[in-house]
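A.B. asks: Pasting a structure here, questions to come.
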Amino acid sequence: MSSKPTYQELEARVAELEKQVKQIDITKRKIYEKELLELKEKILDAQSMAHLGFWYWDVKSGDVDWSDEVYRIFRLDPEQFTPQIDSIMALSPWPEDSKRNEELIQKAIESKEHGSFEQKFLRPDGSVGYFRSTFQGIYDDADNLTAIKGTVQDITIPKLAEVELRKSEERFRKYFELGLIGMAIISPEKEWVEFNDKLCEMLGYFREELEHLNWTKLTHPDDQEEDAAQFDRVIEGKIDNYSLEKRFIHKDGSILHAEISANAIRNPDGSVDYFVALIHDITETKRLRNLQSRAERLEMAGIIAGQVAHDFNNLLAPIMAFPEFIREDVPEVTKVAGYLDAIENSARRISEINQDLLTLGRRGHFNREVLNLNTIVKSAIVELQPLPCTLTCNIVFENELMPIYGAEAQLHRAIGNLLNNAREAMQDSGELTIKTESYYIDDVSFVFDRIPKGEYVKLTIKDTGCGIPDGIAQKIFDPFFTSKTTDKKRGSGLGMSIVNAVIKDHNGYIDLDTEVGKGTSFYIYLPISREEVTPQEPKILTGGTESILVVDDDETQCMVSSKLLSSLGYTVITVESGEKAIRLIKDNPQDLVILDMIMPGGIDGTETYRRILEMYPNQKAIILSGYSELDRVVEAKKLGAGEFVRKPITKHSIAEAVRKELDRKIDISI
């Protein structure tokens, strides 16, 4: 069966028949004319089915003829529009298009070749359409142009689709290039097809540099295996996309943490054409998560430490007090003086560690005052002595250093920890720099803290030691973390966490700069105070003859308190609960009441004091506790309680607090 003739073949056959018609007699001519008419009808049918309009322009007469399809394409009313070339051109209000197309027609005529053009036009109803026209010149025997014939095809739908596709591509390109996250198109071989400027910025490379690398080379070695496994699963058709958290290597060698979302674009046969990957930098988020996690660990450790420390404080009381009692009561104490000194030193060390635990849990008590940081640093440096000749210490103090408000014992311990760590890092050989200065922060972000704008006293402790590896630097403030091994002095793991806790207690900030093999610098920022430093007067141990009631649920603590106060000349009574204290004092007024704050199983120190005040409104009292000034302590002070004494007590601490409260003047005016 022969195939259906094409449109071009039909046209060629028409031209041939027209030529033959002129050369045959009338009878044959009639036959050919009939065949010619049938062929023209077939051509018109073919044009209609192909949505092609046919037009014919007689150049000499100017007459134009076109098929009905032309009316349909341009949505023209046959009764209102006479076939004219100007009628069609008038539908296009874009002169540049018309001029371009006229030039194409002229060029095709001059070269006697087929031509074509596309043009946008406005339909009478105001809608926009597109058409494509093909044309060809017709010439006489003298090679003169006599007519132009051509076709018109409505291409509005594909053209609008093309325009929308182009707009979509432009929108994607704009989103791709101006995206706030890294974007990349990657081949199945993990080579770049395209990437945006944001990815270059994230990784620190110029575009020309990044083009010579690929996805795998930029991936951290430890993450390449997992990333490759996900790639392979997509290529094998098991999944179409995947998400994971991975690390990239920045140009400067640092680690970039990123969340990756990769989607496969497949070919019709199901194979992967390319991947579209979104790369979101979460380095800062990761850092903040680690900070939050570290803070949560610190808080939990602090809660545990605080509970343990509270019990330790009661147990420490006799260990710290009894050596002094033994010296007073045993005439031949010189024979065991060495033992007593060892007990006292150990007890003092345990007390310091216990206080570290309380500091860690933000439950320690410290008297705060206006201080000069230079004085505290000098005292800590003295304890660092003697220094070997192989260790140089450079001290740079600002003479007019602004004062701070804080607890001297706390800050002394924190600074001492930093100095000892610096010395150990240098193994007694190197250069230690200690510097203080008044410092202004203007919205600066640091590694471990984001420091608010303001005025600070800055302490710098810089060593030329071994430096801290990145993996350890992120953990040094964690409770109970220590890098000291058995071949060194074993650390408790509290040193740096105590430094961090002390600085936080003072509303300060800590930062560090370290490089393995080159040393470490710690920077402490403490808010300044506008008050002036008050000179400290020498403390003299004094006692008295007043009556004192000690209220504490711990029997040993009661015994120690009674022994210490009795040795100072006071008359002492002890009871183990607030309820008993109220019953006793009702008929036996006391000059002073010493109240333990927390007494499980009954009313606490604050409620005990409240009920005593109902009987004796001017009753003097001091608070005794192993914890810091909690809300209940603050409430007791508002009621009128004076000093706050931290456990474990010593003869000096209890003597000073008792005498100060007993000597305090009470305003009894109404």
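Yes/no per residue for (1) touching an Asp or Glu at 6+ places or on another chain (Cβ under 6 Å); (2) of a type outside the set (A, V, I, L, M); (3) under 30 Å from Asn214 (Cα atoms); (4) at pLDDT 65 or above:
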{"site": "Gln153", "(1), (2), (3), (4)": "no, yes, no, yes"}
{"site": "Glu164", "(1), (2), (3), (4)": "no, yes, no, yes"}
{"site": "Glu169", "(1), (2), (3), (4)": "no, yes, yes, no"}
{"site": "Glu177", "(1), (2), (3), (4)": "no, yes, yes, no"}
{"site": "Ile181", "(1), (2), (3), (4)": "no, no, yes, yes"}
{"site": "Ser187", "(1), (2), (3), (4)": "no, yes, yes, yes"}
{"site": "Trp192", "(1), (2), (3), (4)": "no, yes, yes, yes"}
{"site": "Lys198", "(1), (2), (3), (4)": "no, yes, yes, yes"}
{"site": "Glu201", "(1), (2), (3), (4)": "no, yes, yes, yes"}
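A.B. asks: At least 3 residues that are within 14 Å of His280 (Cα to Cα) in each: list the helices (runs of 4 or more DSSP H) lying fully within segment 186-253 that qualify.
C.D. replies: Filter on segment 186-253 gives 197-203.
A.B. asks: If you don't mind, another one. Among the candidates Phe322, Phe312, Phe275, which residue alone is closer than 30 Å to Lys190 by Cβ and either modelled with pLDDT of 75 or more or open to solvent by 30 Å² or more (accessible area, probe 1.4 Å) (or both)?
C.D. replies: Exactly one residue qualifies, and that residue is Phe275.
A.B. asks: Next question, about the same structure. Quick check on segment 129-143: of everything there that is at pLDDT 80 or above and among the acidic types (Asp, Glu), which residue is farthest from the chain's Cα centre (by Cα)?
C.D. replies: Selected residue: Asp140.
A.B. asks: Could you check Pro331 against (1) at pLDDT 75 or above; (2) not in a helix (DSSP H, G or I) and say which number it fails?
C.D. replies: For Pro331, the failing item is (1).
A.B. asks: Can you report the number of residues in segment 368-394 which are hydrophobic (A, V, I, L, M, F, W, C), over 21 Å from Ile528 (Cα atoms) and part of a strand (DSSP E or B)?
C.D. replies: The number of residues fulfilling the criteria is 2.
A.B. asks: Right, here's the next one. Mind listing whichever residues of segment 395-413 are in a loop (DSSP other than H, G, I, E, B), more than 17 Å from Thr433 (Cα to Cα) and open to solvent by 60 Å² or more (accessible area, probe 1.4 Å)?
C.D. replies: Glu400
A.B. asks: With the structure loaded, tell me whether Val645 is of a type in the set (A, V, I, L, M, F, W, C), part of a helix (DSSP H, G or I), buried (at least 18 other Cβ atoms within 10 Å of the Cβ) and within 52 Å of the chain's Cα centre (by Cα) or whether it fails that test.
C.D. replies: Spelling it out, it is not the case that Val645 is of a type in the set (A, V, I, L, M, F, W, C), part of a helix (DSSP H, G or I), buried (at least 18 other Cβ atoms within 10 Å of the Cβ) and within 52 Å of the chain's Cα centre (by Cα).
A.B. asks: Answer yes or no as to whether Leu549 is buried (at least 19 other Cβ atoms within 10 Å of the Cβ), not hydroxyl-bearing (Ser, Thr, Tyr) and not in a loop (DSSP other than H, G, I, E, B).
C.D. replies: Against the criterion (buried (at least 19 other Cβ atoms within 10 Å of the Cβ), not hydroxyl-bearing (Ser, Thr, Tyr) and not in a loop (DSSP other than H, G, I, E, B)), Leu549 qualifies.
A.B. asks: Let me ask something else about it. Scan Ala12, Ala46, Ala50 and give me the residue that is out of contact with any Leu (no Cβ under 6 Å at 6 or more places or on another chain), at pLDDT 70 or above and of a type in the set (Gly, Ala, Ser).
C.D. replies: Ala12
A.B. asks: Residue check, Leu565 against (1) open to solvent by 30 Å² or more (accessible area, probe 1.4 Å); (2) within 15 Å of Ile622 (Cα to Cα); (3) touching a residue at least 60 places away in the same chain (Cβ under 8 Å), all met but one. Which one?
C.D. replies: (1) is the only condition that Leu565 fails.
The values are calculated or read from the model by the stated rules, or taken from the named source; none is laboratory data. This one's a predicted model, so the numbers in the text were calculated from it and none came from an experiment. Cβ atoms come from the backbone with ideal geometry, glycine included; neighbour counts cover every protein chain shown. To get the accessible areas, we keep the full protein, side chains included, count just its heavy atoms, and leave off ligands, DNA and RNA. Shrake-Rupley method; radii C 1.70, N 1.55, O 1.52, S 1.80 Å.
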